[in-house]
Amino acid sequence: MYDLIIIGSGPAGLSAAVYGKRAGLKLLVLEKAPMSGGQVLNTYEVDNYLGMPGINGFDMGMQFRAHADKLEVEFKEAEVTALEDKGDRKVVCTTEEELEAKTVILAAGAVHAHLGVPGEEELSGMGVSYCATCDGAFFRGKTVAVVGGGDVALEDAIYLARTCEKVWLVHRRDELRGAKVLQEELMGLPNVEVLYSSVVEEICGEDAVESLRIKNVRNGEISRLPVSGIFIAVGIHPETELVQKLTACDEGGYVLAGEDCATQVPGLFVAGDIRKKPIRQIVTAVADGANAATSAAAFCNS
């Protein structure tokens, strides 16, 4: 019987492991990927994490893991298939075994929806981004494209227009879906232009994004759009399938939990991108991990 099992070892999970270990908990971290770090591993450069300006995303992930290793945190590579609440204990089922713990922190993260076009994976982190607030500063004075038509896409385009020379908004429909107030603000910006009824068919470039192959879905016309970066905002999917039948989630699948990261289920906590909150950044994931582990320790000691 563990005091705590942490599912996921991105920034939130690793932070929870450090705080849980320092609190004296007997804990285990389960990670389905061969390497800890989560989405940060695919980020070319992180420039907004306090005290680490310009750090490579992979290096940051490795430093986070090294901190946990120094404390002799126990890790196991395993995919969790089910999570059961037995009242006084939680049962975590993997593809190989069943594990029991007094508390569980789910820190499985969220995945951005991809376009699935040629060049997207190859140029990820080299001009292909899914977070304007994370990477926008690297494109100051350049021309970029945002793909999407919802609130996030409009907010990204508005944000990027502050520092970029030109922002193209590429949307597959003939009208935007975002809030009217955002549409009005967007249309008032002189350096933003919307390409309606258009989709990205290919992201082109050798070592970095150089252009986009655009198709007009109405007439089939193909054009080339020179850009230095593309910000994809076509949705995000929180990895909360394990708990959606156990505790309350919003319409997007994000778990409802406060700053203490406690869910409706006693002993079950969530941390990082899967928790409903206004900002999802590395720094907020790390904070969630600390809060969740502190709450788990208090629960174990109560």
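The values are calculated or read from the model by the stated rules, or taken from the named source; none is laboratory data. All of these numbers come straight from a predicted model, not from anything done at the bench. For neighbour counting, all protein chains shown are included, and Cβ atoms are generated from backbone atoms with ideal geometry for every residue, glycine included.
Keeping to region 61-97, report how many residues are surrounded by fewer than 14 Cβ atoms within 10 Å (Cβ to Cβ), of a type in the set (A, V, I, L, M, F, W, C) and under 17 Å from Q244 (Cα atoms).
Matching residues across region 61-97 total 1.
Could you tell me which residue of region 143-171 is surrounded by the most Cβ atoms within 10 Å (Cβ to Cβ), considering only residues that are under 21 Å from K215 (Cβ atoms) and over 24 Å from the mean Cα position of the chain (by Cα)?
K166
Restrict the check to region 156-165 and report whether at least one residue is of a type in the set (A, V, I, L, M, F, W, C), part of a strand (DSSP E or B) and touching a residue at least 60 places away in the same chain (Cβ under 8 Å).
Within region 156-165, none of the residues are of a type in the set (A, V, I, L, M, F, W, C), part of a strand (DSSP E or B) and touching a residue at least 60 places away in the same chain (Cβ under 8 Å).
Identify, please: which residue in region 219-239 is part of a strand (DSSP E or B) and within 30 Å of A107 (Cα to Cα) and is, among those, modelled with the lowest pLDDT?
Filtering region 219-239 for residues that are part of a strand (DSSP E or B) and within 30 Å of A107 (Cα to Cα), the one modelled with the lowest pLDDT comes out as I236.
How about region 194-233: which of its residues are surrounded by fewer than 19 Cβ atoms within 10 Å (Cβ to Cβ) and of a type in the set (A, V, I, L, M, F, W, C)?
Across region 194-233, the qualifying residues are V199, C204, A208, V217, I222, L225.
Just for region 255-274: of the residues that are in contact with a helix residue (DSSP H, G or I) (Cβ under 6 Å, 6 or more places away or on another chain) and in a strand (DSSP E or B), which one is surrounded by the most Cβ atoms within 10 Å (Cβ to Cβ)?
F269
Look through region 34-58, keep the residues that are assigned to a loop (DSSP other than H, G, I, E, B) and free of Cβ contacts under 8 Å to residues at least 40 places away in the same chain, and return whichever of them is nearest to the chain's Cα centre (by Cα).
The selected residue is G37.
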